[in-house]
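Structure first, then comments.
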There are 2 protein chains.
Amino acid sequence: MLYTAERKRGRRVISRLMVLAGLACLGAPSPSLAQDAARLAQARTPLKLDGVGSFYVGGRPVAQSPTEIGLYAGGSVIIDQMYVQYMLPAGPKKTPIVLVHGGVLSGKTYETTPDGRMGWYEYFTRKQHPTYVVDQVGRGRSGFDQAPYNRVRAREAPPASQGNIRRVATDIALVRFRVGSADGRPFPETQFPVEAAGELAKQTIPDLSDGSPSEELNVRALALLSQQLEGAVLVSHSQSGRFPLEAALRTPRTIRAVVSVEPPGCNATVYSDAQIAQLSRVPILIVFGDYLDAPQTMGIKWNEAYRDCMAFVARVRAANGNATLLHTPELGMRGNSHMLMQDRNNLQIADLILEWLDGHLPPAGR
Amino acid sequence: MLYTAERKRGRRVISRLMVLAGLACLGAPSPSLAQDAARLAQARTPLKLDGVGSFYVGGRPVAQSPTEIGLYAGGSVIIDQMYVQYMLPAGPKKTPIVLVHGGVLSGKTYETTPDGRMGWYEYFTRKQHPTYVVDQVGRGRSGFDQAPYNRVRAREAPPASQGNIRRVATDIALVRFRVGSADGRPFPETQFPVEAAGELAKQTIPDLSDGSPSEELNVRALALLSQQLEGAVLVSHSQSGRFPLEAALRTPRTIRAVVSVEPPGCNATVYSDAQIAQLSRVPILIVFGDYLDAPQTMGIKWNEAYRDCMAFVARVRAANGNATLLHTPELGMRGNSHMLMQDRNNLQIADLILEWLDGHLPPAGR
C-alpha cells in the first residue's frame, strides 16, 4: 500500500482522520458527508508525471435550431465526442491502459475511492502505464445531445421521443453491486467500504445510454482512441463490458488486450464463429468478485452473467484464443463486490490484472 | 514555457507534430479532428504530486419514483452534489486555488487547451498551489436531477416543466468569446488557437443552469468547499462570475481571494452597501481580455460588462476594499479572447494572476 490516511499536521486539505462508522443500513448517507476533502488519503511517495490532462476523441458536427440549442441562435454543434483524461508516468512506459466505467457512473469510478483511497487511475500510472480514463458518450464531460429534450420542451416533438435517463436508487445499487443483501444489510465479509456508501451514491449520475445510440458510439470512440494511442489495453466495467470486445472486432491490431471487470454477461451465444476467431487474436481477461449467487430481485443475475462468460471463454479457447476467467473467491479473496476498483483490496485486484498483463503483452510494452 | 510540442521519438502518444492551418472560417472543424491524442504537448520537467484524485462536495438525498429514476425500482438518490478533481503539488504548498468554469463548459476548460498545451490546472499546481477544478452542479460529472425529464417523458408532467438545456452554436461561441468578428473571420491578433476551434466546440456540453436552481446550488457548494479546504482562492470564468462573490458573502473567512475572469458583469448596482462592506474584506481581482467593443448581435455586451465591473471596483474601493480590474490590452497584451485560460499566452495570464495573489495573500499561504 502506497497510501496512508494518517494525520499530517500543517496540511489544510488532508488534516483530519477519516470518520469510520459501521452502518447497519446500506443506504444511509455517510456520517462525514460534508467532510470529503478531509478524508482523502495521501501517497507516501510523490507521483511523477510526464503529462496530465484531457482531450476529446471523435464527435461530429450537426446543425441544430435555436430551440434545440436553447441559447441564442441555431447553428452547428458537435455531438457524440468522448472525453478522455490521462496521466503519463515519468520514466519508462508500458502499454497504455484505457479505463471505461459502467452504467450510471462516470470516469470518477477509477479516481479516488468513496472512502478516499487511491483508485486504479493513479495506481496503473504509478505502475508505468500511461493511463486514460473516459466518460462514456452520453454522460459526464462527454455530454449528450440535448436537442431531443429541448424539442419536447417546446412541444415540437412528443414526450416519448426523448430518451429515458437512468439513475439507480442507492439501496438497489448496493444490492445489485453485491455490497449487501436485499434486506439492506452489508455482507459480513464485504470488501466494499460500506461507511462511504453515501459517496458511491454521489458518483451515480444521469445515464443516457438507454434506448439511444450511445452504446454504439462508445464502441466507435474506443476503437478510434486505441488507434490514436497506437495500441492500448481496454478495461471495461459492468455495463461497458461489450465495448472493448466490439472495438476489438473493428481494430484488432490496436487493441492489445481486453480486461472485462464484472461484465453483465459475455454474449457467448451472440458472436459468430468468425467473430470468435477474430477475438481469439486478442488476450482477454474477465474478472468477477464474490457473492455471485446473492439473490437479485430484478434485472441481471450475476451467476448467469458468470456462466455466460465461462461459455464465452470456452469458445475463445476452442478457437485457440487466449482468454482467462478469474473468480476472486477461488483465489482465496473473500468479499469482493461489483465495485472491485473501489473495494478495500482494490490495489490487490489491480495487481492481479497487472500481473496478467505482464504475462500476456509483449515484454517491452512500447 | 515549460511545454514543447516537438516530436519525441519512441513515445506512442505524443508522436506527431500539431497540424496547424489558418482557417478562414471560425466554425470549421480542426483538420486534425481525429488526431487529438497525437497533438498533446509535453512538459520538459516532470510534474511531482503529493496527491491527485477527486471527490464530491455537498448533495442531498431525495426520494424518487421508478419513473423518475428510470432504472429498476424507485428509492433514494443523491442530487446537487459537485464534482471536484484535485492535484496537490509535492513540496511546499501555497493557498489552495479552486477553478470554476463558465456557461456551456465543464472543468475541462482548465485542463489541456484545445490545441494541446498546458492549462491552468496543471500550471497552478506546478506553482505550488493545491489546485481544485469543479464541474458545476447540473453539468459534467456533477450530473443533474433527471427526474423532471423522466416525468415529462412518462406524461406525468407537462413539457414546460423540464428545464431548458443550453448549448451554444460553434460560430456564435467564437464571436461571443471574441475570437473573431460576426462575419466569421478571426481577429488578426487573436491569441486564441483558431486552428483548434473544433476542439473548443467539443468542450461545450449541455448546460442545465438555465431556469433551474443550479446557480444557487453552485454558490452553496463553493462556500462548503472553501470551508472544507480551510481557505481557498475562488477563480470564476464568465457565467460563474458571481459565484465566488456570493460564496464570500456566506463564508467570508474561508475565501481568501476572488479572481473573476471575464464575468458577464459584476452586479455593481445589485449589492447593498452592507454586502459591499462584507466583500471589501476579500481581495478581488477581475480580468478582461481584448476586443470588448467588438459588435455582438445578441446577449451580453462585453464593454457593458466591463463598465459594470469598473463601477463595482469603485464601490469596493470606496468601502476601503481591495479590488483590482485588469484589462489585458492596457498591459500591452493584444488579442486575448474570452477564453484567456486557453489563449496562446494563457500561462502569461496565469502569471499575472499568480503575481497578484502573491501580493494579496498572507505570505506563508498556509
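Taking N as the number of residues in the protein assembly as shown, what is its Cα Rg relative to 2.2 N^0.38 Å?
The protein assembly as shown yields a ratio of 0.91.
Gaussian network model of chain B, Cα springs within a sub-10 Å range: biggest mean-square fluctuation belongs to which of B:S76, B:S181, B:S236?
In the Gaussian network model the winner is B:S76.
Stretched out fully, how many nm does the piece from B:R44 to B:A182 gain, at 0.36 nm a residue minus the Cα gap?
The B:R44-B:A182 span can extend by a further 45.8 nm.
Between the range A:288-351 and the range B:231-259, what is the C-alpha centre distance in whole Å?
Rounded to whole Å, the Cα centres lie 47 Å apart.
Only four residue types carry charge here, +1 at the Cβ of Lys and Arg and -1 at the Cβ of Asp and Glu. Report the dipole size of the range A:50-360 about the Cα centre in Debye, rounded to the nearest 20.
Value, rounded to 20: 460 debye.
Once you list every other residue whose beta carbon is under 14 Å from the beta carbon of A:S272, what net charge do they have if Lys and Arg are +1 and Asp and Glu are -1?
-1
Distance check, please: which entries in A:K94/A:K301; B:K127/B:K202; A:K93/B:K127 exceed 32 angstrom between their Cα atoms?
As for pairs spanning more than 32 Å Cα to Cα, those are A:K94/A:K301.
Counting only the backbone N, which residues of the range A:309-346 are under 14 Å from the spot 7 Å out from the Cα of A:D293 toward its beta-carbon?
Correct set: A:329-330.
If I take R0 = 56 Å and measure r between the Cβ atoms of B:L331 and A:E355 in this structure, what FRET efficiency does the formula 1/(1 + (r/R0)^6) give, to the nearest 0.05?
About 0.50, to the nearest 0.05.
Determine the sum of side-chain charges near A:R166: Lys and Arg each +1, Asp and Glu each -1, restricted to other residues whose C-beta is under 11 angstrom from that of A:R166.
After counting each charged neighbour, the total is -1.
With contacts defined as alpha carbon pairs under 8 Å and 6 or more residues apart, what's the relative contact order of the range A:165-216 in percent?
Across the range A:165-216, relative contact order equals 45 percent.
Taking every DSSP beta bridge that has both residues in the range B:198-341, what percent is antiparallel when rounded to the nearest 5?
0 percent
Name the residue farthest towards the positive end of the dipole of the protein assembly as shown from the options B:P159, B:T109, B:W120, assuming +1 on Cβ of Lys and Arg, -1 on Cβ of Asp and Glu, about the Cα centre.
Looking along the dipole axis, the top candidate is B:W120.
Just to compare against my own numbers: the Cα pair-distance distribution for the range A:50-360, 10 Å bins, whole % per bin, please.
In whole percents, the pair-distance histogram is 6, 26, 34, 23, 9, 1, 0.
Rank A:R317, A:R256, A:R44 by mean-square fluctuation in a GNM of chain A with C-alpha springs under 10 angstrom and give only the top-ranked residue.
A:R44
Sequence neighbours fewer than 8 away in the same chain don't count; with that in mind, list the aspartates and glutamates whose C-alpha is under 15 Å from B:K48.
A:D50, A:E122, B:E122
Only bridges with both residues in the protein assembly as shown count here: give the DSSP antiparallel percent, nearest 5.
Counting DSSP beta bridges with both partners in the protein assembly as shown, the antiparallel share is about 55 percent.
Between A:K301 and B:I300, what is the label-to-label distance in nm when each label sits 7 Å out along the Cα-to-Cβ direction?
Between A:K301 and B:I300, the simple spin-label model gives 5.6 nm.
Explain nothing, just compute: Karplus ³J(HN,Hα) = 6.51 cos²θ - 1.76 cosθ + 1.60, θ = phi - 60°, for every residue of the range A:47-57 in order, whole Hz, x for Gly and Pro.
These are the phi-based 3J(HN,Hα) values: 8, 10, 10, 7, x, 8, x, 7, 7, 10, 10 Hz.
Over chain A, what is the relative contact order in percent, taking alpha-carbon pairs closer than 8 angstrom and at least six residues apart?
About 17 percent, as a whole number.
Assign unit charges at the C-beta atoms only (+1 for Lys and Arg, -1 for Asp and Glu), then state the dipole size of the protein assembly as shown relative to its Cα centre in Debye, rounded to the nearest 20.
It comes to approximately 1400 debye.
Which residue, A:P130, A:P158, A:P206, tops the fluctuation ranking in a GNM of chain A built on C-alpha contacts under 10 Å?
The residue with the greatest mean-square fluctuation here is A:P158.
Given a Förster distance of 25 Å, report the FRET efficiency between A:A318 and A:E189 from their Cβ-Cβ distance, rounded to the nearest 0.05.
According to the calculation, E is roughly 0.10.
What number, rounded to the nearest 500 deg cm²/dmol, is the helix-based mean residue ellipticity at 222 nm of the protein assembly as shown, given -39500 (n - 2.57) per DSSP H run of at least four residues and division by all its residues?
Only helices count here, giving -7500 deg cm²/dmol.
Treat the range B:138-268 as a sphere of radius equal to its Kirkwood radius over Cα pairs and apply Stokes-Einstein at 25 °C in a medium of 0.890 mPa s; give the translational diffusion coefficient in µm²/s, rounded to a whole number.
143 µm²/s
Values in this text are rule-based calculations from the coordinates and carry no lab data. Here the structure is a predicted model, which is why all the values come from computation and not from measurement. Reconstructed Cβ throughout: ideal geometry from the backbone, glycine too, with neighbour counts over all protein chains shown.
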